[in-house]
Amino acid sequence: GGLLSSNYGKVPSFLQVYTQPYYHDYFAEAGMTPIKKLLHYTIDFKSEENVAKIKKYAGGFKPGRVKIRHMKKSEWENEVRGVVEVFNESLAHLWGNVPLEYDEFIEIADEFKALIKPEFWLVAEAGGKTVGFIGGFPQYAPVFRGLDGEMKAHRLLKVPLKMKGIKEGVLMISGLLPEYAGKGLGTALLAGVCAEMIEKGYEKAAGTWVLEDNPASQRMVEKLGGRVDIHWDMYGKRIDGKKTEETIPRIVDE
């Protein structure tokens, strides 16, 4: 979502939008103004300080009755059902959130099943119920970019080699039931995935789709050394004829 508003020289992360600077002019000419920022973080794993923080939070959570485990692809539908229930409840308070039906979510999830590496998907359980989760991917963006939109054999043959060259992860989706917030579980899940990526030899991870008015998610990423390096502007327009005041500054890094 949104229009890229900074760091145009950087290839966006897996599934994130890339737009040219002049796209903003189209929206402005249509009477729209920026109303919300969507932030992109990078956590540098080459930083000894960041790695120390990740190890601290990944190993410091006292589970009690909460168990953290890898996703079980062999129990796919049950896993997805638990994820969508947490997803809907944990994000209900966020701006623009629309709950997802299970059938709709499983249809989306099925398209990504082959791309999921279970070690990058952690599930928190209490009493056999999913209470939190986090999902990450290898940074597939340069791999798919190399296909140039074609699934031809000569291009697909290069995919395994390109996969070996991936040194970056993407932290894409997370959720935590409200009653488990503020107890360190969310940070432990995030740190756990980062620790797995470090173990795989990754040099950094991208934290995607963090709303500017979701301070809990921002603090969680920043605890592990995450820094904002890209953002997108989301535009809006009142339909009652009244003027919409621009709520965020336009930042364009050429």
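Once you've got the Cα coordinates, tell me which of 10/164; 46/67; 162/204; 46/164; 117/200 are over 23 Å apart.
From 10/164; 46/67; 162/204; 46/164; 117/200, over 23 Å: 46/67.
Give the Rg (one decimal place) followed by the Dmax (whole number) of the chain, computed from C-alpha coordinates and expressed in Å.
Rg, Dmax (Cα atoms, Å): 19.1, 56.
Where does the chain land at 222 nm, in deg cm²/dmol rounded to the nearest 500, when only DSSP H runs of n ≥ 4 count, each adding -39500 (n - 2.57), divided by all residues?
Value at 222 nm, helices only, nearest 500: -10000 deg cm²/dmol.
State in Å² the accessible area per residue of the chain; use a 1.4 Å probe, count heavy atoms of protein chains only, and round to the nearest integer.
About 54 Å² of surface per residue is accessible.
Tell me, what is the 1.4 Å probe accessible area of residue 104, in Å² to the nearest 10?
Spelled out: residue 104, probe radius 1.4 Å, area about 90 Å².
Using a Gaussian network for the chain with springs between C-alpha atoms less than 10 Å apart, which of these wobbles most: 75, 85, 49?
Comparing 75, 85, 49 in a Gaussian network model of the chain, the most mobile one is 75.
Of all trypsin sites (Lys or Arg not before Pro) in the range 13-103, which ones are in loop regions per DSSP and have a Cβ with at most 16 other Cβ atoms within 10 Å?
46, 65, 72
Please report the carbon-and-sulfur percent of the accessible area for the chain; probe 1.4 Å, protein heavy atoms only, DNA, RNA and ligands left out.
53
Amide H neighbours of residue 207 under 5 Å, counting only residues 5+ apart in sequence or on other chains, H built in-plane at 1.01 Å?
41, 42, 43, 171
At a probe radius of 1.4 Å, what is the per-residue accessible area of residue 27, in Å² to the nearest 10?
Looks like 70 Å² after rounding.
Show me the helices of the chain, taken as full DSSP H stretches, that run 20 Å or more along their long axis by Cα and average 0.0 or above in Kyte-Doolittle hydropathy.
185-199
The values are calculated or read from the model by the stated rules, or taken from the named source; none is laboratory data. Since the model is a prediction, treat every value here as computed from it, not as a measurement. All Cβ positions, glycine included, derive from the backbone under ideal geometry; neighbour counts span all protein chains shown. Just the protein is used for accessible areas: all its heavy atoms, side chains included, with ligands, DNA and RNA removed. Shrake-Rupley method; radii C 1.70, N 1.55, O 1.52, S 1.80 Å.
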